[in-house]
């Protein structure tokens, strides 16, 4: 008989899957979560199986709690088949490599605008400040009007969807309220585009989402269009957590800082190692479409399956010294579709790998360059522990900077 493991998952966080993989010596373990029998997988081969669309679907896999906060109802993450491919193509048209570089340029502009404020403040919390930078930047880039007076509250709502979505206590209430306000805001902006009172640039994210038509020819309902616009804004703001973790890595590995100051050669390896080493969301969920057997385990139709992203990114079968922070591992290593999966695996166009991965990488690279080349600062004594149970995680202090100076 399987015991309910929801409390263990909450208490162990990112370590939940890894502890069970080690205890059983297997890359497939069965647990009971939220009263449902659930298979948990790790590793590149497991990811290859998990992203096989003949075997798995996404509909009905994500807990309703997260649908109503983090993701929104009706968005691309819960679609399958042709509906998913068509909707995903829209996202790739606005989040592909060229547009990602444009967004990163806007992030740099907003970062440089913020630097004098940080200098005058004397002390700032990087996590909080970067969130506002990213909110300003993504709205400007996407064509979404954002008056300066609204930056703090829009940032706060977007952060609540990321940071409090899975909290079953008061945080969940705040996330639900944040989702309601954010969807109302974005639905209003979409309606302005449709009635002609707002004209975002052609090819902008707002233009693409507001005027996107489903394979049958219908515009998205305003609420679903708002969900999809938030699926551009929210994940971009979420990168603030990895930026704070990158700053922590620079602080704890000063040799990396010196190397990055003088050359671009190690910027991307450093970014990839931050994404591998510091986890974001612990798992992604699917349901078995067609029953099959893999590694001696039966996957019955309808069974919920979780791919453990954290355990896959630290799988000792794929990574040498997986618990060590070593950016140099990426100097000559090609990144496959199933081994480095902090934002999901498979193909961007046809699978459920995050369409915003290029955006994440380019923003992080921009932030790392800014931290080592555009500014000097002191790191005062503070709590820099990274929780393994707070999901998504970040330095406990938010990474405080003191005496910021433009370099």
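The values are calculated or read from the model by the stated rules, or taken from the named source; none is laboratory data. Here the structure is a predicted model, which is why all the values come from computation and not from measurement. Methodologically, a virtual Cβ is constructed for each residue, glycine included, from the backbone with ideal geometry; neighbour enumeration extends over all protein chains shown.
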- Residues that are farther than 23 Å from residue 14 by Cβ and assigned to a helix (DSSP H, G or I), drawn from the stretch 353-366: 358, 359, 362, 365, 366
- Message: Based on this model, can you work out whether residue 296 counts as in contact with a strand residue (DSSP E or B) (Cβ under 8 Å, 6 or more places away or on another chain) and either crowded, with 16+ Cβ neighbours inside 10 Å or at positive phi (or both)?
- Response: no
- Query: What tally of residues in the stretch 1-35 results from selecting those that are part of a loop (DSSP other than H, G, I, E, B) and under 23 Å from the mean Cα position of the chain (by Cα)?
  - Reply: 2
- Message: Name the single residue that is nearest to the chain's Cα centre (by Cα) among those in the stretch 371-404 being surrounded by 19 or more Cβ atoms within 10 Å (Cβ to Cβ) and not in a loop (DSSP other than H, G, I, E, B).
- Response: 395
- Exception for residue 144 within (1) under 30 Å from residue 378 (Cβ atoms); (2) not in a helix (DSSP H, G or I) falls at (1)
- Query: Taking helices (runs of 4 or more DSSP H) that do not extend beyond the stretch 164-270, which have at least 2 residues that are more than 20 Å from residue 359 (Cβ to Cβ)?
  - Reply: 170-194, 222-252, 254-262
- Task: Pick out the one residue from 42, 37 that is at pLDDT 95 or above, crowded, with 20+ Cβ neighbours inside 10 Å and more than 22 Å from residue 228 (Cβ to Cβ).
- Result: 42
- Message: Can you tell me which residue is modelled with the lowest pLDDT among those in the stretch 64-79 that are buried (at least 16 other Cβ atoms within 10 Å of the Cβ) and outside any helix (DSSP H, G or I)?
- Response: 72
- Query: Among the residues of the stretch 164-172, is there at least one that is touching a residue at least 12 places away in the same chain (Cβ under 8 Å) and closer than 23 Å to residue 362 by Cα?
  - Reply: no
- Task: Looking for whichever is buried (at least 23 other Cβ atoms within 10 Å of the Cβ) and out of contact with any strand residue (DSSP E or B) (no Cβ under 9 Å at 6 or more places or on another chain) here; the options are 284, 239. Which one fits?
- Result: 239
- Query: Could we say that residue 118 is over 19 Å from the mean Cα position of the chain (by Cα), farther than 24 Å from residue 211 by Cβ, in contact (Cβ under 8 Å) with a residue 60 or more places away in the chain and crowded, with 23+ Cβ neighbours inside 10 Å here?
  - Reply: no
- Run down 50, 16 and say which single residue is under 24 Å from residue 278 (Cβ atoms), modelled with pLDDT of 95 or more, out of contact with any helix residue (DSSP H, G or I) (no Cβ under 8 Å at 6 or more places or on another chain) and surrounded by 21 or more Cβ atoms within 10 Å (Cβ to Cβ). 50
- Message: Looking at residue 161 and the list (1) within 24 Å of residue 280 (Cβ to Cβ); (2) in contact with a helix residue (DSSP H, G or I) (Cβ under 8 Å, 6 or more places away or on another chain); (3) surrounded by 17 or more Cβ atoms within 10 Å (Cβ to Cβ); (4) at pLDDT 95 or above, which single condition is not satisfied?
- Response: (4)
- Item | Filtered residues of the stretch 23-34 (kept if more than 18 Å from residue 47 (Cα to Cα) and loosely packed, with under 14 Cβ neighbours inside 10 Å) | 23, 24, 34
- Does the stretch 224-236 contain any residue that is free of Cβ contacts under 8 Å to residues at least 60 places away in the same chain, over 23 Å from residue 155 (Cβ atoms) and either over 26 Å from the mean Cα position of the chain (by Cα) or crowded, with 23+ Cβ neighbours inside 10 Å (or both)? no
- Go through 407, 349 for me and flag whichever is surrounded by fewer than 21 Cβ atoms within 10 Å (Cβ to Cβ), touching a strand residue (DSSP E or B) at 6+ places or on another chain (Cβ under 7 Å) and modelled with pLDDT under 95. 407
